[in-house]
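Okay, structure first, notes after.
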Amino acid sequence: MAQTEIRAPHESAHAASPSALARYPDLVAAREAMLHLESHGIDGDDISLVGATAAGAEDIEDRRQSDAQLVSHTMLWIVVGAVLGGLVGMVAGALVAGVVLLAWPGQLAHPLWAFGLGTAWIAGAGAVLGGFAAVSRKTGFSESWPLTFEDVAPGPVWLAVYGDDQKAVAALGETEPIELRTGEAVAHAVHDGVL
C-alpha cells in the first residue's frame with residue numbers, strides 16, 4: 001500500500017508514519033489530550049495535530065486572538081500554581097519557623113520577626129515552585145499545542161502520536177477520543193485520505 005503524505009503543521013511534521021491516530025471533536029479536546037499524553041511521559045515532539053483542521057489552524061495569518069488566549073491560559077495557571085504553592089510554602093514555613101522557635105526558646109532576639117521572615121521566605125519559594133509546576137502541567141510542549149487556540153471551523157481534529165510506544169496508545173485511549181486507530185488502521189487512514 002502506497003504511503004501518502006500526512007497533512008501536518010510544518011513545525012511538528014514528521015517523516016515517519018504515526019504509531020497511533022486519535023480523532024477528537026474539536027481543538028480544545030485535542031489540547032486536553034496533548035496535556036494528558038505529556039503528563040504520562042510522552043514527549044511533545046512525538047505529538048502532532050494532523051489533517052485538514054490542523055492545516056487550517058496553521059494557515060491563519062492573524063494570530064492576535066489565539067496568542068491572547070494562549071497567554072491568558074498560561075498566565076491563569078501560573079497564577080493559580082503560584083498562589084497554591086505560596087499557600088503550601090506558607091504552611092510549611094510556619095511549621096519550620098515554629099519548630100525552630102520551640103527548639104531554641106529565648107535564643108532569638110526578635111522571635112516574631114524570625115517567624116515571619118522564615119515563613120515568608122519558604123512561602124516565596126513555594127510560589128516559584130508552584131508556578132513552574134503549573135507550567136509543566138498545564139501547558140503543552142508539542143509544536144502543535146499553540147494551534148489548539150486558533151479559531152477555525154468547528155469539526156473533528158486528528159492527533160498523531162509518533163514512536164512505537166504502547167504507553168502512548170494506552171494514554172490515548174484514556175482521553176476518550178471519538179476514534180482511535182493503531183497499526184494497520186493508521187496506514188489505511190493515511191492511504192485513504194481520512195486525514
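What are the pairs with Cβ atoms under 9 angstrom where one residue, in region 44-73, is without any contact (Cβ under 8 Å) to a residue 12 or more places away in the chain and the other, located anywhere, is assigned to a helix (DSSP H, G or I)? Sequence gap at least six, or different chains.
Ala68/Phe149
Failed condition for Val50, given (1) of a type in the set (Val, Ile, Thr); (2) under 30 Å from Val169 (Cβ atoms); (3) modelled with pLDDT of 90 or more, with all others met?
So the condition that Val50 fails would be (3).
Looking at Thr148, Thr175, Thr139 in this structure, which one is within 17 Å of Pro25 (Cα to Cα), surrounded by 13 or more Cβ atoms within 10 Å (Cβ to Cβ), touching a His at 6+ places or on another chain (Cβ under 9 Å) and among the polar types (S, T, N, Q)?
Testing whether each residue is within 17 Å of Pro25 (Cα to Cα), surrounded by 13 or more Cβ atoms within 10 Å (Cβ to Cβ), touching a His at 6+ places or on another chain (Cβ under 9 Å) and among the polar types (S, T, N, Q) leaves just Thr175.
The values are calculated or read from the model by the stated rules, or taken from the named source; none is laboratory data. Predicted model, so just to flag it, every value in this text is computed and none were measured. Glycine also receives a Cβ, built like all others from the backbone with ideal geometry; neighbour counts cover every protein chain displayed.
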